[in-house]
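The values are calculated or read from the model by the stated rules, or taken from the named source; none is laboratory data. Source: prediction; values computed, not measured. Here the Cβ is made from the backbone with ideal geometry for all residues, glycine too, and neighbour counts use every protein chain on show. SASA here: full protein model, heavy atoms, side chains in, ligands and nucleic acids out. Shrake-Rupley method; radii C 1.70, N 1.55, O 1.52, S 1.80 Å.
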Amino acid sequence: MLVSRNGKVNSVIVGDAERLFLPDIGRVRGGSKRFRGLRLIRTVLRTDKILDDDDFADLSKLRLDMVVGITVGLGGYPGTTDFAHLLPQNPTGKLWEVTTVPHPNQIELRFDLFIAELESEFSRKAEVVQEVDGHPAMLVYVATDGGRDPDAGIPELEELCRTAGVTVVETVIQKLSRMHPKFGVGPGKLEELALTAVQRDIDLIIFGQDLTPSQLRQITEQTDCKVIDRTQLILDIFAQHASSKDGRLQVELAQLKYNLPRLSGRGTSMSRLMGGIGGRGPGETKLEIDRRRARDRINGLEKDLEKLSSQRLLQRKRRIKNTTTVSIVGYTNAGKSTLLNQMTKSDVLSEDQLFATLTPTSRQLYLPSLRGVVLTDTVGFIHDLPKDLVVAFKATLEELETSDLFLHVVDVSTDRFEERIDAVNRILHELNLNQKQILVFNKIDRLEQEDIKSRAKLWGAVPVCAVEGKTSPILIQKIEKNLLSSST
Ligand SMILES: Nc1nc2c(ncn2[C@@H]2O[C@H](COP(=O)(O)OP(=O)(O)OP(=O)(O)O)[C@@H](O)[C@H]2O)c(=O)[nH]1
Ligand SMILES: [Mg+2]
């Protein structure tokens, strides 16, 4: 039986010795009601193990108030009874508690008081967790064979989360040879995620990998949380940072294209699947958009962007005639905008955030022996740049295609900066951008003199500090030499 808080029987279910199929009891409401308000009381025909894994799965997944298993004793009367309820966060990490009594009438609980107390205990524990700056979230990382090392991947994801205004309060790593085709993580792990989310009052799960539309749907349904994958996370940051009209349209288009196959069309889960974190950014007003309207909007946006793109082309053609363009490329947060500011004495936004720059910005660059050189700052790259993001990069790509020289800026003070150089070069190569580049090692103020020398020498790079007042004369010389040699 499913019994409500006031003792009313909600449903009577008939199963057999093996199985019990619960009716669909809908989703948990948000807000203060943490539990379903229903307890499952059932008979158990075996005596070795009263409550089994299925019971605990129901308890956690359906967030039942309690599961009670009553065995059949002598003469067909009720016998030994187990009852179980979920536990709030605790040092032992236990998710639920089981109590055994010889007879159901020995359960000494005022159920209404007990469940109220349990719920407030959950809230209290969760409040402690909630006291963080951003929106609290659980980060889930699947470490697959041949996938990226979690030691490199997780800190970067945490940075992405921070930039998106999300604070990771719980990180779950699962090792799998490959992503589980249905759930991303293993089914057991998924249950654990669902439960941890209840315990810690987390309603947002960030996946460190991209999820297929059906994986996203499954995880959303099973955990009752909003689920965001890596591409969506990056798109969310883009949405927050896009300031130009051009940029906003591009991001909206990328978001729609990515989310379209993820629209299930089913009422409740729809708002969970659309939009970014807390439904911010250009996607925000489109929460309830249906597929057809999404497609119309995509067509419209593509047309608008096409127009803007041809305008840009015209402007560039006019500019290119007698100018040389040097573009700053590099991993996100490497210090590209800061370098542009230093070299051109400008005041372009630079921040300790990923993807602070979204729209390319050009400034005149004055060189001792060359006129008409333009320096362009572009959007930063990242490891495994999702294909769907390239739409949002379009303006940058056009800019790069017509560049004469790249300054590849590297934050040489980070561990594994070599991996980032590779990642950037791989992306440039994939995009068919094979211009000559000068490797610029930035943020040397954070390193020892020795390290700077050896690293720069090994890579043939120019060491710089972009936050200093003056541009490195060696860098200026090198740019001139490159431009002069390629123009003759
Ligand atoms: N210590 C130190 N910090 C630097 C240096 N250059 C830049 N930074 C800092 O690094 C952070 C990122 O700088 P940005 O110029 O915004 O980096 P970006 O490459 O344009 O980043 P995105 O546009 O977000 O891809 C900022 O907080 C800068 O102040 C440097 O030479 N030394
Ligand atoms: Mg920038």
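Taking segment 348-366 as the search range and keeping residues that are away from ligand 1 (no atom under 12 Å from the Cβ) and open to solvent by 10 Å² or more (accessible area, probe 1.4 Å), which one is nearest to residue 248 (Cα to Cα)?
To start, the set of residues in segment 348-366 that are away from ligand 1 (no atom under 12 Å from the Cβ) comprises 362-366.
Okay, now just the ones that are also open to solvent by 10 Å² or more (accessible area, probe 1.4 Å), so 362-364, 366.
Values: 362: 19, 363: 22, 364: 25, 366: 31 Å.
Ranking the qualifying residues of segment 348-366, first place goes to 362.
Consider segment 359-389. How many of its residues are within 16 Å of ligand 2 (Cβ to nearest atom) and at pLDDT 85 or above?
Matching residues across segment 359-389 total 12.
If we scan segment 412-420, do we find a residue that is buried (at least 21 other Cβ atoms within 10 Å of the Cβ) and either within 16 Å of ligand 2 (Cβ to nearest atom) or at negative phi (or both)? Talk me through it step by step, then tell me what you get.
Residues of segment 412-420 that are buried (at least 21 other Cβ atoms within 10 Å of the Cβ), as a first pass: 412, 420.
From the residues that got through so far, the ones that are either within 16 Å of ligand 2 (Cβ to nearest atom) or at negative phi (or both) too are 412, 420.
Yes, segment 412-420 has at least one match.
Can you name the number of the only condition in (1) open to solvent by 40 Å² or more (accessible area, probe 1.4 Å); (2) within 16 Å of ligand 1 (Cβ to nearest atom); (3) not polar (S, T, N, Q) that residue 331 fails?
(1)
Take the residues of segment 108-140 that are open to solvent by 70 Å² or more (accessible area, probe 1.4 Å) and in a loop (DSSP other than H, G, I, E, B): which is modelled with the lowest pLDDT?
Filtering segment 108-140 for residues that are open to solvent by 70 Å² or more (accessible area, probe 1.4 Å) and in a loop (DSSP other than H, G, I, E, B), the one modelled with the lowest pLDDT comes out as 131.
Taking segment 373-389, which residues are more than 16 Å from ligand 1 (Cβ to nearest atom) and either part of a helix (DSSP H, G or I) or surrounded by 22 or more Cβ atoms within 10 Å (Cβ to Cβ) (or both)?
The answer is 387, 388.
Give the number of residues within segment 305-320 that are over 37 Å from the mean Cα position of the chain (by Cα) and at pLDDT 85 or above.
0
Can residue 486 be described as over 14 Å from residue 329 (Cα atoms) and buried (at least 19 other Cβ atoms within 10 Å of the Cβ)?
No; evaluated as a whole, the condition is false for this residue.
Can you name the number of the only condition in (1) under 15 Å from the mean Cα position of the chain (by Cα); (2) more than 17 Å from residue 385 (Cβ to Cβ) that residue 237 fails?
(2)
Only one of these is more than 30 Å from residue 415 (Cα to Cα) and in contact with a helix residue (DSSP H, G or I) (Cβ under 7 Å, 6 or more places away or on another chain): 357, 324. Name it. It would help to see each step written out before you state the result.
Working: 357 fails: more than 30 Å from residue 415 (Cα to Cα).
Only one candidate qualifies: 324.
Can you name the residue in segment 464-483 that is within 33 Å of the chain's Cα centre (by Cα) and in contact (Cβ under 8 Å) with a residue 24 or more places away in the chain and is also surrounded by the fewest Cβ atoms within 10 Å (Cβ to Cβ) among such residues? Show your work before the answer.
Here is the first cut: in segment 464-483, the ones within 33 Å of the chain's Cα centre (by Cα) are 464-467.
From what is left, the residues that are in contact (Cβ under 8 Å) with a residue 24 or more places away in the chain are 464, 466-467.
On the way: 464: 26, 466: 24, 467: 14.
By that ranking, first place goes to 467.
Output the qualifying pairs, or none if there are none: Cβ atoms under 9 angstrom, residues six or more apart or on different chains, first residue in segment 94-107 and assigned by TED's automatic domain parsing to the domain that holds residue 72 and surrounded by 13 or more Cβ atoms within 10 Å (Cβ to Cβ), second residue acidic (Asp, Glu) and part of a loop (DSSP other than H, G, I, E, B).
101/108
Take segment 389-422 and flag every residue that is among the small types (Gly, Ala, Ser) and under 26 Å from residue 486 (Cα atoms).
395, 403
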